[in-house]
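Read through the structure below, which is laid out as C-alpha cells, and then see the notes.
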Amino acid sequence: MIAMNEALHNPLSILVIEDDPGDFGLVKDSLRQAGLVLGGNASGPVWAQTLRAGITAAQQSAPDVILLDLSLPDSSGIITLRTLRAALHNTPIVVLTGNDEKTMALAALESGAQDYLVKGMFDPDALGRAIRYAQVRSHIVQERDFTQAALNSLPGLFYLIDQQGRFLRWNQNFEKVSGYSAAEIATMSPLDFFDEADRSSIAAGIAQTYASGEALVEAEFVAKDHTHTPFLFSGKRFMFDQKPCLMGMAIDISQRRQAHARIEWLSHFDALTGLANLRLLDDRVQHAISMARRSQHTLTLMTLDLDHFKNINDSLGHPIGDALLVAVARRIQSVMREEDTVSRRGGDEFVLLLPTADVADAAHLAERLLAVIARSHQIDAHELLTTTSIGIAIYPTDGKDFETLSRNADVAMYRAKQDGRNCYRFFAAEMQTRSIRTLHIENALRRAQERGQLSLHYQPQLALSSGQVIGAEALLRWSHPELGPVSPADFIPIAEASGQIVQIGEWVLRTAVRQMKAWVDQGLASGAAPMVMAVNLSVVQFRHPRLVESILQILQEEQLAPEYLELELTEGVALNDPLGAIAVMNALRARGICMAIDDFGTGYSSLSYLKKFMVYKLKIDQSFVRDITEDPEDKAIVSAIIRMAGSLGLKTIAEGVETIGQLAFLRDSGCDEVQGYYYSKPLPAPAFEAFLRQARNRE
C-alpha cells in the first residue's frame, strides 16, 4: 500500500492512443484542467495514432496510465483492448470511445480495462478521477495476484473461512489435494473434509481459534477420492473485510508419521533382518522369566554365532555378508515356534528365547538349527556354506535373570567354537571358570609385550643326511608373574581371537630376524647349507593387507638377507581364498623368502592348489610322528606325505621326534629334516648358541 500511495502522488506518465488529432487535443486540455502533474514529456502526454505505435511507445516509455481509443486505423472494437492488454499485462487502461452502449462498457471492463469513458460525456474532473481510480484498481489487482501467487507457492494448504464456516479464499494446492473444484469448495464447510472421528477435534480447533486467537490440530484430511492424508492444521484469528475470520495453513505430515513409525519400529527390531533387537528381547525374557517363576517351568536361552563369517565379509564384501545374515535369519525363523523369539544381537550373533523349552527341547532345536543353517545359501552368484556354534543356558539352573543367562549362553557358545565349531554346548559351571581365565589371559596379554614378559626360544632343525643344523624354529614363550609360564596352546588362540596376534606376530618376526642377523654376523649361520630362521605365521597374520610390506621392512631395518628367513604357514591360509594366498606367496618368494607348510596333513589342503603354492617344504605334524613306530596308519600317512613331497620336488621335515625308533623310520622313509626333543628342546638364544657351536665343532 505504501508503494501505491507513492505512485498516486508522483508525476504521471500518460500515453494517449488516439488517431484523431482533435480528440487528442481535447484530452490533453482536460488533463491539464484536471490538475494532474504530468512527468516525462515536457509537452504533456505521449501520443500514438495507431495500436502498433501505441504498443511500441508503451514498451519504450512504460506509462503509468494508457488512454485508449477503440477505433484506430489498424484495429477497432474490443479486440483493440485485448491486443493491448496481452502486450502490457499490468499497465492501467482507461477506454475512451464514442460508443455509449453498456454492453461495450461491460465488455471493456471484462477484457482488462480499469475504466470506461464516453467521448464528449466527461469533464476534466471525471477524467482525473478515472485515471486515479484506474491506478488504484490496477494496484489492487496486482496486490491480489501477488498474494494469490504467494499462497499458491506454499507447499501445504491455505484457506480463509468466515464465522459461518464458508470458504473465502484458498490456494491451488487446496484444490489439488482435495480433488474438489473451486465451485465445489465454495459450497462446502470445513467439516466436510474429515471423517466423523476427526470432526469433533476440528470443530474444537475452530472454536479455540476464535476464542484464544490460534490453535493446532492433527487430523486425517479426506479427499474427494476418499484418500486419507495426515495433516497438521494451524489456525489463527484474522480480520478480513472488517470481520473476524479464521486463516489456516496445513502441512502434510505423512513423512513425519512414517519416520516416527520407523523410529518406533527400529526401537524394537533389527534394521537388517527384521528380527527382534535386544531391547525387545529383554522385555520378552523378563516376561518369560516371570511366567516361568510363577508356573515353575524352565525356559531356554540360546546364543548362535556364525563360524568364520568374517572371512565371507572380507573376501566377498559386506553386501553379500548382509544378504547371508538375512538368509540365515529366515532359516532360523523357519524352525522356531510362534511363541519363541529370534533376536539379532549384532554382527553375526543371534539370540533365541524359548519360553517353555526344557533340555530335551533345546537339544532337538539345536540339532535342527545346525542342519538348516549348514545347507548351502545361494546369494547372488555365490553358493555359500556356513555353519554355526550354539551355546545354551537353561532357567533357573544356569541363571535367574537375563544378564546371567545371556552371559552363560555366550560361555557355552565359545566352548562350542573351541570344540571345533558347527556344534552346540549346554552351559556347565566349569566353563565359567575357564571363561574367566580366558578373559584374564586376554587382558594380561595386552600388556605382556610392553612389560617384557614375552621371549623367544629356538629349537634346532637338522638335516638327516648330514646331522648338520640347518635351521632354528622361533617359538614364542610367555612368563607371567602371577600366572607363571603360559602355554602357547592357551594364549595363541586368544591372541588370534582378540586381534592381538598381528602386533605380537610382528614382534616375534622382528626379534627372530634380529637374532638371526646376530648369528650371521658371528659366523654361526654358515655351513654346507646356510642356516635359516623359521617363523610361524598365523592365518590372521597371513591375511593382513600389509604382510609383505611389513616383512620386507623388518628385513631391511635389521639388515638380514631374505634367504635366511623361512615362513611356516598352516594349510588354513588358503582355505577361503586360495588364489589370494598364491598371490601373497608369489610376492614373498619373488623377494627370496622361503616358505613351508606347517602341520601338513591336519588341515584341508587341496592338492590342486598345493602344487601352485610357492613353498619348498612340508612339515609333518607331530601327531603323525608320535606313534609311527607302532601305528600302521601313522606309518602309512607319513610315508605317503614324504613320497608325495618328493614327487612334487618338495622337502620334508618331521617335528616332535623324540626316539631313535622314530628317527630311524623317518631316515629310512626318505625324510629330509627333523626337529624334536631327541636332539634338543626349544632353547633360549644363549643356550641355542652353545648347542650350535658344539654342533659346528662336530662337523
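The values are calculated or read from the model by the stated rules, or taken from the named source; none is laboratory data. Just so it is clear, the structure is predicted and the values come from calculations on it, not from any experiment. Counting neighbours? That spans all protein chains shown, and the Cβs are built from the backbone with ideal geometry, glycine included.
Candidates are the residues of region 495-526 that are more than 30 Å from SER466 (Cα to Cα) and of a type in the set (Asp, Glu); the one that is modelled with the highest pLDDT is GLU506.
Looking across region 104-124 at every residue that is in a loop (DSSP other than H, G, I, E, B) and out of contact with any Leu (no Cβ under 7 Å at 6 or more places or on another chain), the one that is farthest from SER71 (Cα to Cα) is identified as ASP123.
Taking the options SER669, SER623, SER608, name whichever one is in the same structural domain as SER455 (by TED's automatic domain parsing) and modelled with pLDDT of 90 or more.
From the options SER669, SER623, SER608, the qualifying one is SER669.
Every residue, every condition in (1) modelled with pLDDT under 95; (2) assigned to a helix (DSSP H, G or I), yes or no:
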| residue | (1), (2) |
| --- | --- |
| GLU339 | yes, no |
| ARG345 | yes, no |
| VAL351 | no, no |
| ALA360 | yes, yes |
| LEU369 | no, yes |
| LYS400 | yes, no |
| ASN408 | yes, yes |
| MET413 | yes, yes |
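Going by the structure shown, is ALA529 outside any helix (DSSP H, G or I), modelled with pLDDT under 85, farther than 29 Å from SER315 by Cα and more than 34 Å from the chain's Cα centre (by Cα)?
Working: outside any helix (DSSP H, G or I): yes; modelled with pLDDT under 85: yes; farther than 29 Å from SER315 by Cα: yes; more than 34 Å from the chain's Cα centre (by Cα): yes.
So ALA529 passes the test.
Picking from residues in region 375-398 that are outside any strand (DSSP E or B) and in contact with a strand residue (DSSP E or B) (Cβ under 6 Å, 6 or more places away or on another chain), the one that is surrounded by the most Cβ atoms within 10 Å (Cβ to Cβ) is THR386. Return the only residue of VAL335, VAL342, VAL372, VAL359 being surrounded by 13 or more Cβ atoms within 10 Å (Cβ to Cβ) and closer than 16 Å to LEU280 by Cα. So the residue among VAL335, VAL342, VAL372, VAL359 that is surrounded by 13 or more Cβ atoms within 10 Å (Cβ to Cβ) and closer than 16 Å to LEU280 by Cα is VAL342. With respect to being without any contact (Cβ under 8 Å) to a residue 40 or more places away in the chain and not assigned by TED's automatic domain parsing to the domain that holds ALA288, GLN378 falls outside the description.
Just one residue in the set ILE501, ILE582 is surrounded by 20 or more Cβ atoms within 10 Å (Cβ to Cβ), within 40 Å of the chain's Cα centre (by Cα) and of a type outside the set (Asp, Glu); that residue is ILE501. In this structure, is SER212 at pLDDT 90 or above, surrounded by fewer than 14 Cβ atoms within 10 Å (Cβ to Cβ) and not assigned by TED's automatic domain parsing to the domain that holds ASP398? Against the criterion (at pLDDT 90 or above, surrounded by fewer than 14 Cβ atoms within 10 Å (Cβ to Cβ) and not assigned by TED's automatic domain parsing to the domain that holds ASP398), SER212 qualifies. Scanning region 278-326 for residues that are farther than 27 Å from ARG425 by Cβ and aliphatic (A, V, I, L, M) yields LEU316, ILE320, ALA323. Return the total of residues in region 658-691 being in contact with a helix residue (DSSP H, G or I) (Cβ under 8 Å, 6 or more places away or on another chain), under 27 Å from LEU454 (Cβ atoms) and buried (at least 21 other Cβ atoms within 10 Å of the Cβ). Final tally of qualifying residues: 1. Of the residues that make up region 192-209, is at least one in contact (Cβ under 8 Å) with a residue 40 or more places away in the chain, assigned to a helix (DSSP H, G or I) and within 18 Å of PRO155 (Cα to Cα)? Within region 192-209 (the criterion being in contact (Cβ under 8 Å) with a residue 40 or more places away in the chain, assigned to a helix (DSSP H, G or I) and within 18 Å of PRO155 (Cα to Cα)), the answer is no, since none of the residues qualifies.
Here's the yes/no breakdown for (1) surrounded by fewer than 19 Cβ atoms within 10 Å (Cβ to Cβ); (2) of a type in the set (Lys, Arg); (3) free of Cβ contacts under 8 Å to residues at least 24 places away in the same chain; (4) within 18 Å of ALA685 (Cβ to Cβ):
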| position | (1), (2), (3), (4) |
| --- | --- |
| GLN449 | yes, no, no, yes |
| HIS480 | yes, no, no, no |
| GLY505 | no, no, no, no |
| PRO530 | yes, no, no, no |
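Checked against (1) buried (at least 17 other Cβ atoms within 10 Å of the Cβ); (2) on the phi > 0 side of the Ramachandran plot, ASN313 meets all criteria but (2).
In region 275-300, the residues that are within 18 Å of ALA362 (Cα to Cα) reach residues that are crowded, with 20+ Cβ neighbours inside 10 Å and aromatic (Phe, Trp, Tyr) with C-beta atoms within less than 7 angstrom, at least six apart or across chains, in these pairs: VAL285/PHE402; ILE289/TYR395; ALA292/TYR395; THR298/TYR395; LEU299/TYR395. Is one or more of the residues making up region 326-335 in a strand (DSSP E or B) and at pLDDT 90 or above? No - not one qualifying residue is present in region 326-335. The residue of region 213-229 that is farthest from ALA197 (Cα to Cα), among those that are over 38 Å from the mean Cα position of the chain (by Cα) and outside any strand (DSSP E or B), is GLY213.
Within this structure, ASP322 fails the test of being acidic (Asp, Glu), buried (at least 17 other Cβ atoms within 10 Å of the Cβ) and in contact (Cβ under 8 Å) with a residue 24 or more places away in the chain. In region 641-657, the qualifying residues are those that are surrounded by 19 or more Cβ atoms within 10 Å (Cβ to Cβ) and small (Gly, Ala, Ser), and the one that is modelled with the highest pLDDT is ALA654.
Taking each residue of region 227-246 that is of a type in the set (Val, Ile, Thr) and looking for partners that are part of a strand (DSSP E or B) with beta-carbon atoms closer than 8 Å, six or more apart or interchain, yields THR229/GLU220; THR229/PHE221; THR229/ASP252.
Give the residues of region 189-211 that are touching a strand residue (DSSP E or B) at 6+ places or on another chain (Cβ under 7 Å) and either under 16 Å from ARG237 (Cα atoms) or among the hydrophobic types (A, V, I, L, M, F, W, C) (or both), sorted by residue number.
Answer for region 189-211, where residues must be touching a strand residue (DSSP E or B) at 6+ places or on another chain (Cβ under 7 Å) and either under 16 Å from ARG237 (Cα atoms) or among the hydrophobic types (A, V, I, L, M, F, W, C) (or both): PRO190, PHE193, PHE194, ILE202, GLY205, ILE206, GLN208, THR209, TYR210.
All told, VAL625 meets the bar of being crowded, with 20+ Cβ neighbours inside 10 Å, in contact with a Gly (Cβ under 6 Å, 6 or more places away or on another chain) and of a type outside the set (Gly, Ala, Ser). Every residue in region 84-103 that is outside any loop (DSSP other than H, G, I, E, B) and surrounded by 17 or more Cβ atoms within 10 Å (Cβ to Cβ), please. Across region 84-103, the qualifying residues are LEU84, ARG85, ILE93, VAL94, VAL95, LEU96, THR97. Restricting GLN515, GLN461, GLN503 to residues that are part of a strand (DSSP E or B) and among the polar types (S, T, N, Q) narrows the list to GLN461. Within region 456-471, does at least one residue satisfy the condition of being surrounded by fewer than 20 Cβ atoms within 10 Å (Cβ to Cβ), outside the structural domain of LEU306 (by TED's automatic domain parsing), in contact with a Pro (Cβ under 9 Å, 6 or more places away or on another chain) and not aliphatic (A, V, I, L, M)? For region 456-471, residues surrounded by fewer than 20 Cβ atoms within 10 Å (Cβ to Cβ), outside the structural domain of LEU306 (by TED's automatic domain parsing), in contact with a Pro (Cβ under 9 Å, 6 or more places away or on another chain) and not aliphatic (A, V, I, L, M): present.
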